[in-house]
Amino acid sequence: MKLNKLYTHVFLLFGFYVLFSCTEEIPLSTENFKNVLVVEATITDEFKIQEVKVTRTFLLESDTPVFDAGASVQIATSGKTYNFHHVGEGVFYSDEQFQAIKDESYKLLITTSDGKKYYSNSEVLAPKAELENLFAELGSSDEVRGVQVLVDSNNDLDGAAFFRYEYEETYKIVTPYFRFQDISVSNIQGIDNERAYDIDIIERPADQENCYSTNASTEILLMSVSSLSENRVSRFPIKFISENSPFLRDRYSILVKQYVQSADANNFYKILKELGGDSESVFVTSQPGFVQGNIFSEESLEEKVIGFFDVSTVTSKRIYFNYADFNFVLPPYYFDCEVRLLDYDKVGSLDPYQLDERSILLTLLTDNPPFKYISGFGTLYEIVDPECGDCSTFASNIKPGFWED
C-alpha cells in the first residue's frame, strides 16, 4: 500500500462521521476523537531503500496529519537491525539499502518521541509469483466505453495465494495552444481606464509544450486464488479509463506492482476495504469499529494501533498506449480553452463599472499565472488561459526517466 493511502479509510475506524442536510450547510466536526498511531509499512524483496510511515490520527476539522519527526524506527532480524531516519511528513527511509530474504523473520520497532514503544509480530517473506502479463483492451463500465487494464500471473505460484496490487499512472500532456513566443508587460502607468503600459514579444523561457503528470492508486486491490479452481491470477482488472478521459489524449503509461502477501495481511486489507467502501465516500454514519493489525503497544495491549507490517515479494510491469490504439476519437483537453481577442487601443467603456479592453488585457497578462499570448496583429492580441498555453502551470515539464515516446 502506498504510504499516503491509509488515511482514506482511517476515519471509519473510530466513529468519525458527518451529518448531511439538504437545506443547511453544517461544518465538519469530529466526534469521540482518539489520538491513535497510524503505521504504514511494507518491506519487499527489492534491494532498495525501504520505507515506513508513522503518523497519528488528526481531527476532521484539521486537514493536517500529525507527524513525529523524532520517532525512532527500526526493523530487526535475527542477525541485524536496520535503522531508519525521518525524511519529512512522517516518512522514514532506511539508512541503507536492503531486501527481505526467504527464511528470515522481520519485526518492526517504533519508539515515539515521547518514549512510547511499539512492536509488530515477526513476519516472514511471502512466496514469489511473477506478474506475467499486463495488458489493455476495449471494455466498458456502467455502459461507458473505454480501456480496461488487466493482469495475469504465471502458473507457478509456489504457494502464493494472496495478492495486492498498486498502480502508478503517468500521462503526457501536450499544450494545445503552445507558441514559442510570449508577452512581457512593463512600464505600467495610470489607473482603471487610463491604464497605459508597454508590451514586448519575448521568447518562452522554458519547455511549456510537453508535460507529464503522475497519479498513484488509492484503492485497495486484492485478489486471492485460494478459492479458485485454477491456481493463477487471470484477467484481474486493475484500472478502467473512459474513452473520453484526457489521460488518453496524448500518451498514457501505467506501472502495476503485484505484491504477494500473507493471509493475515490479506485479511487486514480486506476488512479495511470493506469498511472504507469507495475511496471517495469515506464519511459514513455507521460505527463499524476497529480493525486489529499486527502492531501493538509495548505499554498496553489495550491501546489501539492502526496499520499492518507486511513483508512481501513484488514484481512489476509497465505498458503504454493512447486513444488511437483503440480507434477512439480524440478526447477533450483537461481544461476548456477560451481564446480571447483584445485590443490595446480599445479604451473607454460605455459602462463606467466595466473595464475597457486595454485594462482587461493588462489584468489577464499580469495574473498569476498569466494568460498566454498566441498571436497578434497591430494592437490586437490573442490570448488563452494559462493552462491552455503552458502545461507547466499545472504539471511537470520534466520528462520522467522511464518515459518512452
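Report the full-extension gain for the segment Thr112 to Asn155: residue separation times 0.36 nm, less the Cα-Cα distance, to one decimal in nm.
11.1 nm
Compute the FRET efficiency between Ala216 and Glu302 as 1/(1 + (r/R0)^6), taking r as their Cβ-Cβ distance and R0 = 30 Å, and round to the nearest 0.05.
The value I calculate is 0.30.
Asn121 to Ala196: extension gain in nm, 0.36 nm per residue of separation minus the Cα-Cα distance?
19.8 nm
In nm, to one decimal, how far is the modelled label at Phe394 from the one at Asn368, with both set 7 Å along Cα→Cβ?
Each label point is offset 7 Å from its Cα along the Cβ direction, giving 2.0 nm.
How many nm is it between the label spots at Glu274 and Phe335, if each spot is 7 Å from the Cα in line with the beta carbon?
Going from the Glu274 label point to the Phe335 one covers 4.5 nm.
Which FRET efficiency value, to the nearest 0.05, do you get for Asp345 and Trp403 by plugging their Cβ-Cβ distance into 1/(1 + (r/R0)^6) with R0 = 51 Å?
0.65
State the extension gain, in nm to one decimal, for the chain segment bounded by Lys102 and Thr81, taking 0.36 nm per residue of separation less the distance between their alpha-carbons.
5.9 nm
Tell me, how many Å apart are the Cα centres for region 102-168 and for region 186-252?
25
No value in this document is a laboratory result; all are computed from the given coordinates. Not measured: the values here are computed from a predicted model. Note that each Cβ is placed from the backbone with ideal geometry, even for glycine, and that neighbours are counted across all protein chains shown.
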